[in-house]
Amino acid sequence: MTLATRKVAPAGLSESLQDYLEVVYVLVRRDRVARMKDIAAALGVGKSSVTGAVQALAERGLVHYGPYQFVTLTDRGEAVGRELVRRHGLIKEFLMEVLAVPEEEAETVGCKMEHAIKGEVLDRFVRFLEFARRRSRTDRGWASAFRGVGRRRAASRIDKMAEGRA
């Protein structure tokens, strides 16, 4: 993928840089700093890849970084990282709680969805997820009822296929 065709999202970040910033955010929240080796381990990449990505994040004013130093977040980096983690968490929660997707699959699929859904569509989806979360506090049965509808629809499609109508 060339630079011109690469998908860009929050704060003008490519999908890859979003992933790096999300990991840095989580590590800094947990350990107060992010170490290059921990970033590499979390993403399953080499340290040289991490160096290039962290330098790109530093150039965009999202992290503080110097050679042989820990990585920390700028105020802007913390805000963008928090938003990325929030969106990721909402999508994963929706997949697990409403669609009954197993956690590991929800993590993988949620990450792909997070990058595939862009702009206003993602904003609307996130607003819906926030609504669903608030609604579930007052009406615990709605998510279960929805899961039942999904199973009935799937069973109906299977029945039609078996009858040769699909």
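Read the figures in this text as sums done on the coordinates, not as results from a lab. Just so it is clear, the model here is predicted, and its values are computed rather than measured. In this analysis, Cβ positions are derived from the backbone assuming ideal geometry, glycine residues included, and neighbour counts consider all displayed protein chains.
Summarising the label geometry, the points placed 7 Å from Cα in the beta-carbon direction at residue 69 and residue 31 lie 1.8 nm from one another. As a calculated quantity, the FRET efficiency between residue 130 and residue 41 at R0 = 35 Å, using C-beta atoms, amounts to about 0.65. Sorting the segments 126-138, 60-72 by their residues' average number of neighbouring beta-carbon atoms within 10 angstrom, most packed first, yields 60-72, 126-138. Each Lys or Arg adds one and each Asp or Glu takes one away; over the other residues whose Cβ falls under 13 Å from the Cβ of residue 68, this sums to +3. Peptides 86-99, 15-28, 32-45 ranked from most to least packed by the mean count of surrounding Cβ atoms within 10 Å: 15-28, 86-99, 32-45. The magnitude of the dipole of region 7-139, with charges of +1 and -1 set on the Cβ of Lys/Arg and Asp/Glu and taken from the Cα centre, is near 280 debye.
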